[in-house]
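Below you'll find the structure, written out as structure tokens, and then a few comments.
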Amino acid sequence: MDEIKNVVKAYLPNENFVSCAPLGNGHINSTFLVTTDRNQYTLQKVNTSIFKDVDGLMDNIQAVTHHIRAKARMQGIDPARATLHFMLTPEGKRYLNYNGDVYRIYKYIDKAFSIEKMENPQHFYEAGIAFGKFANDLSDFDASQLSETIKNFHNTVSRYNDFEKAVSDNLSGRASEVADEIAFVRAREGFTHMFVDKLADGSLPVRVTHNDTKLNNVLFDEETNLPTTVIDLDTVMPGSYLYDFGDAMRSGSTHAAEDEKDLSLVDFDLELYEAFTKGYLSMCKDSLTKVEIELLPYASIMLTLECGIRFLTDHLNGDTYFRIHREGHNLDRCRTQFKLVSLMEQNVDNMRKIIEKYL
Ligand code: ADP
Ligand code: GN1
Ligand code: MG
């Protein structure tokens, strides 16, 4: 608490600290709602063991938020709520170094909420519009201007290789307890090449994408119930539309929490799948290429598998990447993802039909 107070004092010397409270449920950064005598802010301690080039990351966020704000003005949307707005330190820097840690402050988007667990298909339809609009707003942004904030982030082949290394290193000594999960991944090694190979040969276009389209990374307006802001922009970088579409389905097409222990509660709901597809494609279907359309029914399987592989890898490595709140937390998260992958695999034809309906 004292640390946060001191950070706020150094960052915003003309304001008086009133209070601070933890915010949200992110696995990577530490986020706080800070209230001063003048305003409310989101303060984040950036995880620099994961985001190693904070200047490059903030360059990306500066360029992308500038672009989205300019679009909002043209569209008659309030630019203050259309995207994130970071504060500068008294020295004019975009983050503060304090005791070896990196802190950043955004204006707080008030009267808004985020959703952790899917309940209402209408919300998922609206999230589809929000992420589809995000893709659209950035469709004329030159991807080569953005740095890769995490190398090979959605490269499923390199994620697979990291997993095999974790199995053989077995740093946690847990490998023998997760033989079923290891076999599940190995049976899908060939599948991990499907998008990577097409990106490499140029047949799948590189787009500017969000890359972390988890449901709780959209803020909804309390009054209208409509999406107001796509947040968590640390992984905005060159990618594929398949990533954003697929990753959103990973968190929003089931009613179960990501870390649900009772796997019988992990469902795959085609009504939810349809809701997001309808919203997302209504915003960006005209710019999709033939190859993107062909691969779209596999996107949710790929991104859910990838996330499960990442949770399993972290479990094997001894929980060094994702924040955990209990013993075996990453394994629980991995198991929900793999259950969802199995259910999605049985529904490729149904997913394709839904996609075709909204193209
Ligand atoms: P992480 O990278 O750890 O996921 P996020 O940037 O997603 O961190 O922030 C975590 C949570 O904090 C979000 O899900 C949201 O609920 C809340 N939040 C983040 N930024 C803002 C903001 N500018 N205004 C309001 N709420 C925010
Ligand atoms: C992390 O930061 P957060 O909690 O929004 C992760 C995503 C995963 C997600 C799984 C930078 O997202 O890639 O899909 O957890 N972000 C990073 O819940 O690794
Ligand atoms: Mg987040």
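The values are calculated or read from the model by the stated rules, or taken from the named source; none is laboratory data. Predicted model only: the values in this text are computed from it and were never measured. Glycine also receives a Cβ, built like all others from the backbone with ideal geometry; neighbour counts cover every protein chain displayed. These accessible areas exclude ligands, DNA and RNA; they are computed on the full protein's heavy atoms, side chains included. Shrake-Rupley method; radii C 1.70, N 1.55, O 1.52, S 1.80 Å.
Considering (1) within 16 Å of ligand 3 (Cβ to nearest atom); (2) assigned to a loop (DSSP other than H, G, I, E, B); (3) of a type outside the set (Val, Ile, Thr); (4) open to solvent by 60 Å² or more (accessible area, probe 1.4 Å), say which one Phe51 fails and leave the rest.
Condition (4) is where Phe51 drops out.
Is there a residue in the range 150-160 that is open to solvent by 20 Å² or more (accessible area, probe 1.4 Å), part of a helix (DSSP H, G or I) and within 15 Å of ligand 2 (Cβ to nearest atom)?
yes
Looking only at residues in the range 179-218 that are assigned to a strand (DSSP E or B) and not aliphatic (A, V, I, L, M), which one is most open to solvent (accessible area, probe 1.4 Å)?
Start the filter on the range 179-218 by keeping residues that are assigned to a strand (DSSP E or B), which leaves 207-209, 218.
Within this subset, residues satisfying the condition of being not aliphatic (A, V, I, L, M) are 207, 209.
Values: Arg207: 42, Thr209: 1 Å².
So the residue we want is Arg207.
Just checking, does the range 140-152 include any residue being closer than 14 Å to Gly308 by Cα and over 19 Å from the mean Cα position of the chain (by Cα)?
Of the range 140-152, the ones closer than 14 Å to Gly308 by Cα are none.
Looking through the range 140-152, none of the residues is closer than 14 Å to Gly308 by Cα and over 19 Å from the mean Cα position of the chain (by Cα).
Looking only at the range 24-34, which residues are of a type in the set (A, V, I, L, M, F, W, C) and within 12 Å of ligand 2 (Cβ to nearest atom)?
If we filter the range 24-34 for residues that are of a type in the set (A, V, I, L, M, F, W, C), which is where we start, we get 28, 32-34.
Of everything in the range 24-34, just one residue is of a type in the set (A, V, I, L, M, F, W, C) and within 12 Å of ligand 2 (Cβ to nearest atom), namely Ile28.
Considering (1) more than 16 Å from ligand 1 (Cβ to nearest atom); (2) touching a Phe, Trp or Tyr at 6+ places or on another chain (Cβ under 6 Å), say which one Gly202 fails and leave the rest.
Of (1) more than 16 Å from ligand 1 (Cβ to nearest atom); (2) touching a Phe, Trp or Tyr at 6+ places or on another chain (Cβ under 6 Å), only one is false for Gly202: (2).
Hey, could you check the range 126-149 for residues that are among the charged types (D, E, K, R) and part of a helix (DSSP H, G or I) and say which is farthest from Val206 (Cα to Cα)?
Within the range 126-149, the subset among the charged types (D, E, K, R) is 126, 133, 137, 140, 142, 148.
Retained after the next criterion (residues that are part of a helix (DSSP H, G or I)): 126, 133, 137.
Working: Glu126: 25, Lys133: 17, Asp137: 15 Å.
So, considering only residues that are among the charged types (D, E, K, R) and part of a helix (DSSP H, G or I), the one farthest from Val206 (Cα to Cα) is Glu126.
Would you pick out the residues in the range 8-36 that are surrounded by 16 or more Cβ atoms within 10 Å (Cβ to Cβ) and within 16 Å of ligand 3 (Cβ to nearest atom)? Even if it seems obvious, please write down each step before you answer.
Taking the range 8-36 and keeping what is surrounded by 16 or more Cβ atoms within 10 Å (Cβ to Cβ), we get 8, 11-12, 15, 17, 20, 23-24, 26-36.
Correct list: Leu23, Gly24, Gly26, His27, Ile28, Asn29, Ser30, Thr31, Phe32, Leu33.
Please state which one of Leu233, Leu219 is in contact with a His (Cβ under 8 Å, 6 or more places away or on another chain) and within 16 Å of ligand 2 (Cβ to nearest atom).
Details: Leu219 fails: in contact with a His (Cβ under 8 Å, 6 or more places away or on another chain).
Of Leu233, Leu219, the one residue that is in contact with a His (Cβ under 8 Å, 6 or more places away or on another chain) and within 16 Å of ligand 2 (Cβ to nearest atom) is Leu233.
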